[in-house]
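The values are calculated or read from the model by the stated rules, or taken from the named source; none is laboratory data. These numbers come from a predicted model, not from an experiment. Cβ sites come from the backbone with ideal geometry, for glycine too, and all protein chains shown count toward neighbours.
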Amino acid sequence: MDVALTTTSLYEPAVLPTEPPDRIETSPSAVATDRDELFFGLGLWLSGLESFLKLQNHSFLEETRARAATRDWTKEFRLTHSTLLLCSRLTFQLTKLLKAQKHSKTADSGNDLMDALGLEAAVEEIDAPELGRLTAVLKDVVLLNEGLLRAAPLKFGEWTAWSRALSEKLESVALVGKLIARAEKTGERFLPEVLTALLESKPLPFATEADLRLVLPRFAKILKWLSVIETMLQTDEPLKPSLLIFSRIYEQIQETTAFINNRLLRFPNEEDELFAQLDGAAYTASIELRKVYNYELAGLSEMRSTPLIYAKIETAFALLNDSFQLTLINFAQLIDPNIETHRIFPKLKVKLDHSLALRQNLWHLLRSVKEAEQNPDKYPMRELYGQMSDFLKTSVNFLFYKDRETVERFIEEVLVTHNRKDLVPILHRFGAYIETLFGQVNMRVVLAGFPFDYES
């Protein structure tokens with residue numbers, strides 16, 4: 001698959017959160033209220049906790065063994081504590097749901113009948129003893145986690161002992177596995193409706209259809225987990241707990257690429273278009289895996305700067321989300337070459353329009369800055385100031401926060417520097433930065449089919 005992805009991607013950020021770092025470390029996501037969201041949310045966070053406790057999923061720490069043995073691991077203890085509290089609250093809501101199911105059996109057959117039937121179906125595989133066991137275990141581990149936090153700072157030895165003990169506790173509760181499996185089934189159905197309709201309506205060779213029905217749900221599940229992180233970004237929620245979701249996504253990507261690679265080894269015809277699509281999907285996933293977990297999320301658990309945490313999570317989300325959306329689009333176009341991209345993911349049309357405008361405005365700004373640098377005494381600086389002000393009001397909002405902040409800082413520095421001799425080196429640095437940024441924006445996935453006209 002011929003795609004180019006960079007750290008400047010497509011996500012349109014919400015307002016930057018302003019809560020202090022302590023809130024980010026200790027406060028979990030908001031509790032779900034809808035029945036289906038409740039089941040999914042509990043399964044999702046339990047799956048994230050399960051993955052986070054596995055040491056190999058700390059690849060995004062990017063540290064040597066020597067440093068891992070000496071650094072303070074209290075942040076990880078706080079993340080498990082906040083997640084356990086969230087799971088406890090979700091379990092409490094699940095207990096209330098079971099009680100509602102009992103009462104619904106005696107409800108009259110009015111407008112609540114269908115809801116009562118749906119409620120009964122939702123809880124039929126969960127019984128009170130299982131739920132009671134989960135509640136008791138969560139209570140015990142929350143108290144133990146709080147006791148360990150009072151002994152901070154905590155080292156690597158304490159973390160390995162705690163993660164092993166907590167994993168064993170959770171594995172001892174059969175309901176945990178059921179809830180995780182239920183959440184993953186929900187994720188596998190997170191395919192765009194258009195793509196699902198194509199699978200059902202378009203005639204395909206049996207082998208091709210069978211492969212797609214096995215592979216597509218795996219990518220849908222990753223996108224479902226990523227959608228939770230997107231909600232956290234958009235709704236000003238604490239972002240450090242998303243590391244647990246990223247831990248699960250890390251496992252999901254590895255499992256998906258391993259599945260595809262095993263299938264490719266047994267593929268009868270390497271000239272088949274499906275072979276190329278599967279090979280490209282596995283390659284792209286492996287590239288994004290390293291880019292996100294070895295760079296963007298490296299050391300994030302120890303960071304305290306709210307803007308930096310936001311920027312890192314935002315970038316990591318967008319790189320993975322854009323990549324896997326593009327993968328699903330390529331599979332859809334394999335089924336129907338004439339399918340339009342925005343029909344599968346409507347938001348991509350907005351992103352395309354924003355990216356085209358951003359690229360064009362960056363190019364014009366770059367040319368103006370370079371001309372002003374070459375001849376600052378004769379260049380009409382008032383026009384440059386107006387162009388920069390317009391850029392701040394419009395196109396700068398289509399950048400990531402980390403890039404937006406740098407551009408704003410450069411423009412502010414230019415606007416307040418009136419001495420032409422001092423202005424030249426500022427314009428030189430700004431021009432170099434814009435040139436790099438323009439190159440990154442020009443490689444966005446939505447712009448792959450829209451080459452830039454450098455004469456415009």
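Among the listed residues Ser242, Ser247, which satisfies the condition of being more than 21 Å from Thr91 (Cα to Cα) and assigned by TED's automatic domain parsing to the domain that holds Gly132?
Answer to the selection: Ser247.
When the residues of segment 386-407 are filtered to those that are within 22 Å of His428 (Cβ to Cβ) and either outside the structural domain of Ser355 (by TED's automatic domain parsing) or among the hydrophobic types (A, V, I, L, M, F, W, C) (or both), which remaining residue is surrounded by the fewest Cβ atoms within 10 Å (Cβ to Cβ)?
The selected residue is Leu392.
Of everything in segment 126-156, what is free of Cβ contacts under 8 Å to residues at least 60 places away in the same chain and either in contact with a strand residue (DSSP E or B) (Cβ under 9 Å, 6 or more places away or on another chain) or not hydrophobic (A, V, I, L, M, F, W, C) (or both)? Give them in sequence order.
Asp127, Pro129, Glu130, Gly132, Arg133, Thr135, Lys139, Asp140, Gly147, Arg150 - these are the residues of segment 126-156 that are free of Cβ contacts under 8 Å to residues at least 60 places away in the same chain and either in contact with a strand residue (DSSP E or B) (Cβ under 9 Å, 6 or more places away or on another chain) or not hydrophobic (A, V, I, L, M, F, W, C) (or both).
It is to be established whether one or more residues within segment 241-254 are in contact (Cβ under 8 Å) with a residue 12 or more places away in the chain, under 21 Å from Ile180 (Cα atoms) and not in a helix (DSSP H, G or I).
yes
Do you know which residues across segment 321-377 are at pLDDT 90 or above and in contact with a His (Cβ under 8 Å, 6 or more places away or on another chain)?
Across segment 321-377, the qualifying residue is only Glu373.
Select from segment 276-314 the residues that are part of a helix (DSSP H, G or I) and under 18 Å from Leu244 (Cβ atoms) and list them in ascending order.
Leu289, Val292, Tyr293, Glu296, Leu300, Ser301, Glu302, Ile309, Tyr310, Lys312, Ile313, Glu314
So which residues in segment 314-340 are in contact (Cβ under 8 Å) with a residue 40 or more places away in the chain and among the β-branched types (Val, Ile, Thr), if there are any at all?
Within segment 314-340, Thr315, Thr327, Ile335, Ile339 qualify.
Please identify the pairs in which a residue from segment 161-184 that is in the same structural domain as Ser47 (by TED's automatic domain parsing) has its Cβ atom under 6 Å from the Cβ atom of a residue that is at pLDDT 95 or above and hydroxyl-bearing (Ser, Thr, Tyr), counting only partners at least 6 apart or on another chain.
Pairs that qualify, where the first residue is in the same structural domain as Ser47 (by TED's automatic domain parsing) and the partner is at pLDDT 95 or above and hydroxyl-bearing (Ser, Thr, Tyr), are Ile180/Ser47.
Looking for whichever is in contact with a helix residue (DSSP H, G or I) (Cβ under 6 Å, 6 or more places away or on another chain), basic (Lys, Arg) and modelled with pLDDT under 90 here; the options are Arg290, Arg304, Arg248, Arg266. Which one fits?
Exactly one residue qualifies, and that residue is Arg304.
Scanning segment 411-437 for residues that are under 29 Å from the mean Cα position of the chain (by Cα) and surrounded by 18 or more Cβ atoms within 10 Å (Cβ to Cβ), which turns out nearest to Ser389 (Cα to Cα)?
Ile434
Kindly indicate which of Leu179, Leu233, Leu154 is in contact with a helix residue (DSSP H, G or I) (Cβ under 8 Å, 6 or more places away or on another chain), crowded, with 16+ Cβ neighbours inside 10 Å and outside any helix (DSSP H, G or I).
Leu154
Quick check on segment 317-324. Is at least one of its residues in a helix (DSSP H, G or I), of a type outside the set (Ser, Thr, Tyr), crowded, with 17+ Cβ neighbours inside 10 Å and not assigned by TED's automatic domain parsing to the domain that holds Asp72?
Looking for residues that are in a helix (DSSP H, G or I), of a type outside the set (Ser, Thr, Tyr), crowded, with 17+ Cβ neighbours inside 10 Å and not assigned by TED's automatic domain parsing to the domain that holds Asp72, one finds none in segment 317-324, hence no.
Just a yes or no: is a residue in segment 237-258 closer than 20 Å to Ile344 by Cβ and crowded, with 16+ Cβ neighbours inside 10 Å?
Within segment 237-258, one or more residues are closer than 20 Å to Ile344 by Cβ and crowded, with 16+ Cβ neighbours inside 10 Å.
Taking the residues in segment 105-135 that are at pLDDT 65 or above and not in a loop (DSSP other than H, G, I, E, B) as candidates, determine which candidate is surrounded by the fewest Cβ atoms within 10 Å (Cβ to Cβ).
Pro129
Going through segment 208-223 one residue at a time, which ones are without any contact (Cβ under 8 Å) to a residue 40 or more places away in the chain and within 10 Å of Glu188 (Cβ to Cβ)?
Pro217, Lys221
State all residues of segment 194-206 that are touching a residue at least 24 places away in the same chain (Cβ under 8 Å) and surrounded by fewer than 20 Cβ atoms within 10 Å (Cβ to Cβ); if no residue qualifies, say none.
Within segment 194-206, Val194, Leu199, Lys202, Leu204 qualify.
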